[in-house]
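Read through the structure below, which is laid out as structure tokens, and then see the notes.
The values are calculated or read from the model by the stated rules, or taken from the named source; none is laboratory data. Computed from a predicted structure; not experimentally measured. No Cβ is skipped: glycine too gets one built from the backbone with ideal geometry, and neighbour counts run over all protein chains shown.
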Amino acid sequence: MRRYLAPSVLAACLVIAVVMWVLKPIPHGHRYDLGVQLTLVLTLMWLLFQASAGWVFKKGLLLFILALSLGLAASNTAAINPNSEIVRSYGTVFEAIDGGLNPYSSGTILHLSESGNPVYGNFNYPPMEIYPYYLAYRLSGSWNSAVLTAAIILIHALCCLVFTRMFPAIRLVYLVPYFLFFIFSEIKTNPSMTFLITASILWLIRRDRKKPGQASRYLIAVLFGLGLATKFLIIPFMAAYYWHKFDPKKLRSLASIAVDCGIAVATAVLVTAPFGVSAVFRNTILFNLALRERATLTTFYPNVLSGPLEWLGLGGIYPVAAVIILGLTVLAAPKLRLFTAMLAAGTAFLLVAATPEPQFLPTMLFLVVTARCLAIEEEGLIPPQVWKRLPSG
């Protein structure tokens, strides 16, 4: 029964998303289709995750992903808007920094209200979502949609490079459909640093499995710390990863978990400190949990939890409900395989997030494909046409 739990929950969420899409019950709600997209693709990913490992390289699936990736690349490229909110918002962030102001307290960062009018407030992405784009801005000497898109594509390409380093024996032709999806399925917004750090963590997890050592353990903790200063998908991944290590028969495992989490938190604090830890926390995590406050600066896109609660007039209990559901999913981690636990926590996070976040689907697919490739290695199910040579680790 456990095998069908995730697909069943996702199927129920898909029904909720479709009902809301049809009825559009929230006056200030927009883009109900995003919830449908998110739950549908997550359902398909879980089916792939639970299918035989060799399915990731089935010709029919590869052709489907290739067609989907090319379609998304074309549509996303055509939809790039030089005057989009993200381009203009980052422009005001860079102006604040160059003017000696803190973008998390300056009140000068541009957002667009539900009516499309400019509203000024503080920046609401964590600091690691500033550094790479500020570097691109400084190197190019300008800031516009072309610079943003080029930076995003470059970071996504690095994620593909990480995958080839994890699995150097796989023939490139079998990876191209996935790589095109990783690179081009989301180029209008910025999930890129979350994606890159997640990919790097998975690489180190694989390396640690092959050659266990303290170095990998501490590097993973540092990367999780950097990830805490990106968009929030890293939080459930980190929680599931470390709680998966808990052994109720060995309470000393808690000490090891505490040390690693301490390293991660210290790393996040160091990265965040230049902008003020409390200011960043207030304008990122707390901002996204308070639906009413969030709606004053950004458009509200109903998700499968936040939408129905707002519809029923229960938006005030949303933060508690979201934290409880995500927490219960993480608590189940020790009973699951590591990648199952991480995928479950990531899925729960995307379902309970204030708004649907299809931008994170490439990261989730990267996790699924990595897990399936590792299963192929462990089970010895190596399709000879896929591998250039036997994986040696």
Point to revise | Selected residue (criterion: surrounded by the most Cβ atoms within 10 Å (Cβ to Cβ)) from residues of the stretch 21-52 that are of a type in the set (Gly, Ala, Ser) and either assigned to a loop (DSSP other than H, G, I, E, B) or at pLDDT below 90 (or both) | key: 29
**Study point:** Of all residues in the stretch 112-132 being buried (at least 16 other Cβ atoms within 10 Å of the Cβ) and either touching a Lys or Arg at 6+ places or on another chain (Cβ under 9 Å) or polar (S, T, N, Q) (or both), the one that is farthest from residue 278 (Cα to Cα)
**Key:** 112
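Take residue 216 and tell me if it is more than 29 Å from residue 358 (Cβ to Cβ) and touching a strand residue (DSSP E or B) at 6+ places or on another chain (Cβ under 6 Å).
On the way: more than 29 Å from residue 358 (Cβ to Cβ): yes; touching a strand residue (DSSP E or B) at 6+ places or on another chain (Cβ under 6 Å): no.
No; evaluated as a whole, the condition is false for this residue.
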Review point. Based on what the data block shows, is residue 154 closer than 17 Å to residue 73 by Cα, in a helix (DSSP H, G or I) and in contact (Cβ under 8 Å) with a residue 60 or more places away in the chain?
Key: no
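Quick one: is residue 106 farther than 26 Å from residue 233 by Cα, touching a residue at least 12 places away in the same chain (Cβ under 8 Å), touching a helix residue (DSSP H, G or I) at 6+ places or on another chain (Cβ under 6 Å) and surrounded by 11 or more Cβ atoms within 10 Å (Cβ to Cβ)? It would help to see each step written out before you state the result.
Details: farther than 26 Å from residue 233 by Cα: yes; touching a residue at least 12 places away in the same chain (Cβ under 8 Å): yes; touching a helix residue (DSSP H, G or I) at 6+ places or on another chain (Cβ under 6 Å): yes; surrounded by 11 or more Cβ atoms within 10 Å (Cβ to Cβ): yes.
Taking the combined requirement at face value, the residue satisfies it.
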Practice item. Evaluate the stretch 307-327: report whether one residue or more is modelled with pLDDT of 85 or more, part of a loop (DSSP other than H, G, I, E, B), within 30 Å of residue 29 (Cβ to Cβ) and aliphatic (A, V, I, L, M). Key: yes
Revision key, fill the gap. Within the stretch 240-253, of all residues that are at pLDDT 90 or above and part of a helix (DSSP H, G or I), the one surrounded by the fewest Cβ atoms within 10 Å (Cβ to Cβ) is 243
Review point. Does residue 76 fit the bill of being surrounded by 15 or more Cβ atoms within 10 Å (Cβ to Cβ) and either in contact (Cβ under 8 Å) with a residue 60 or more places away in the chain or in contact with a Leu (Cβ under 6 Å, 6 or more places away or on another chain) (or both)?
Key: yes
